[in-house]
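Before any comments, here is the structure.
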Amino acid sequence: MRVLLIEDDQAIAELLRQSLTAQHYLVEVAADGQTGWDLAETFEYDLILLDLMLPKLDGISFCQRLRHERRSSLKPFNLNTPILLMTAEGASSSRVAGLDAGADDYIVKPFNLDELLARVRALLRRGNVGRSPCLEWGQLQLDPSACQASYQGQPFHLSSKEYSLLELFLRHPQRIFSHGTLIEHLWMLEDTPTENAVRAQIKGLRKRLKEIGVEDWLETVYGLGYRLKEAQVANADAAVGEADIPQQPTSLSPYSSIPLNPFWEQHRAQYSDRLSVIERAVSALQTNSLSEELRQQAQREAHTLKGSLGLFDLDDASEMSGQIEQLLKTDLLNQPEQANLLELTSKLRQAIQPFPQTQSPSTTEKGCNSSSSPEKLALPQRSQLLIVDDDTQLLAFVQSMLQPWGFQVALLSDPQQIWSSLEAVKPDLLMLDIEMPGTNGIELCQKIRNNLRFGDLPILMISASNDDETIQQVFMVGADDYVSKPIRAAELVARVIRRLEHAMVLKKLRGLEN
């Protein structure tokens, strides 16, 4: 099944793409309404997932154009393609407008992804009356909700492409599919196969089904293509109403195993940038210099945050974003409303970039328990960090933790180059892994401490070992602090800030002595 996903929030788009792909859907993503429209004019889709508020062409206008303007087109692609509208607008007027414009269903952000996938399946079943949730041909059965194929009640394995081919034939039992149509439905444009490759896939699927006892199920219509044999079409598909949509799933879908934390770590900076637009608008409002363009932009960003943050279990942040959006819709705010807007914006910043707390007391303890953001800390402007570890994935992970706090992060996966990197980067703090091939972090730490130029550099050691002997070695060679794997973001950031603050205090004291 080919799905067009039109969503301008990159993190949500990627999360949905992976979730749908895990259930064997072929997904193409457009980041704005106009790009989505261009794709809808060019290719046929089985379903369109459409955000309501989009740049260049909003969701309501998209629906209206697709349902009405396409009727006069020579190639009315997607004229009747189901549209699932995604909106952060909880008001019934917005939902009514979307449905009246031509959407078939809607879901309010932040949504439960299992519910969204169930709505997708329900929309794909619409079109033929009396369908059951499972697709069947005789004793051959396909369960789209579990992505599971079975024959005579016994599950069997299919490759992703074999599954997609079988699903397509079972969903459209009367339709003849040419090689070109199969390619259009089951392959991305950049992966377009030859007709011989399509024949090979059909042959492979026939062979696989024959091995388990399913024969003579697919008919070759010479000169036209393939279709499911009519003789045994039974209970092949169709629509189910709201009762089919689980509000609280009783079992986990294949999608449910997709972890959300990596998406948050990867895209947190993007949401921070969106909040920065709101902060600029609030600041301009305080000085009576807020332009209409900036107000509308901030309102759009608040709308996006309201719909997106809840997916990452930041429910309070999502609710605050909605309140901010409503306040920004008002042209003139009185003093209490302006104060409320300022407070909400400050709390939202804390919610998406909470100042981390550490277990042990330190000079940063006050900051950890306050509402300060990293930019307000008395640290060197854009402190430079050098991280040395042979694990490139860990390097990228640590970088994603630290960069949103304003740190400049340099990564080094080859410890043999540490001296040249120290010269080039001139870091304010060094992070060293203990276990690395060809060298040892403890030995490197000792050498750096004995170096005249870098002997005072704050050093934070990283290790998967947290036994007393290792920790004792770390501090004996002169390391300033120690973090054990797996690394927790809050602890790491707090320790980095603490070491930088401590280094600043030492520099000031030395300056007074001189």
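Take the residues in the range 25-51 that are in a loop (DSSP other than H, G, I, E, B), under 18 Å from the mean Cα position of the chain (by Cα) and not charged (D, E, K, R), then tell me which one is farthest from SER159 (Cα to Cα).
Pass one, the range 25-51, residues in a loop (DSSP other than H, G, I, E, B): 25, 31-32, 43-46.
From what is left, the residues that are under 18 Å from the mean Cα position of the chain (by Cα) are 25, 31-32.
Keeping just the survivors that are not charged (D, E, K, R) gives 25, 31.
Values: TYR25: 13, ALA31: 30 Å.
Within the range 25-51, the match that is farthest from SER159 (Cα to Cα) is ALA31.
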Completion exercise
When every residue in the range 138-190 that is among the aromatic types (Phe, Trp, Tyr), at pLDDT 80 or above and not in a helix (DSSP H, G or I) is compared, the one nearest to LEU117 (Cα to Cα) is PHE156
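Against the condition at pLDDT 85 or above, surrounded by 14 or more Cβ atoms within 10 Å (Cβ to Cβ), under 25 Å from PRO486 (Cβ atoms) and not assigned by TED's automatic domain parsing to the domain that holds GLU293, how does LEU386 come out, does it pass? Before the answer, list the steps.
On the way: at pLDDT 85 or above: yes; surrounded by 14 or more Cβ atoms within 10 Å (Cβ to Cβ): yes; under 25 Å from PRO486 (Cβ atoms): yes; not assigned by TED's automatic domain parsing to the domain that holds GLU293: yes.
Spelling it out, LEU386 is indeed at pLDDT 85 or above, surrounded by 14 or more Cβ atoms within 10 Å (Cβ to Cβ), under 25 Å from PRO486 (Cβ atoms) and not assigned by TED's automatic domain parsing to the domain that holds GLU293.
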Handout entry: Among (1) on the phi > 0 side of the Ramachandran plot; (2) modelled with pLDDT under 85 - the single one GLU469 does not satisfy
Key = (1)
Completion exercise
Of those in the range 269-291 that are of a type in the set (S, T, N, Q) and in contact with a helix residue (DSSP H, G or I) (Cβ under 8 Å, 6 or more places away or on another chain), the residue surrounded by the most Cβ atoms within 10 Å (Cβ to Cβ) is SER272
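Criterion first (closer than 27 Å to TRP264 by Cα, in the same structural domain as SER383 (by TED's automatic domain parsing) and in contact (Cβ under 8 Å) with a residue 24 or more places away in the chain) does LEU444 satisfy it?
For LEU444, the condition - closer than 27 Å to TRP264 by Cα, in the same structural domain as SER383 (by TED's automatic domain parsing) and in contact (Cβ under 8 Å) with a residue 24 or more places away in the chain - is not met.
The values are calculated or read from the model by the stated rules, or taken from the named source; none is laboratory data. Computed from a predicted model, the values in this text were never measured in an experiment. Glycine also receives a Cβ, built like all others from the backbone with ideal geometry; neighbour counts cover every protein chain displayed.
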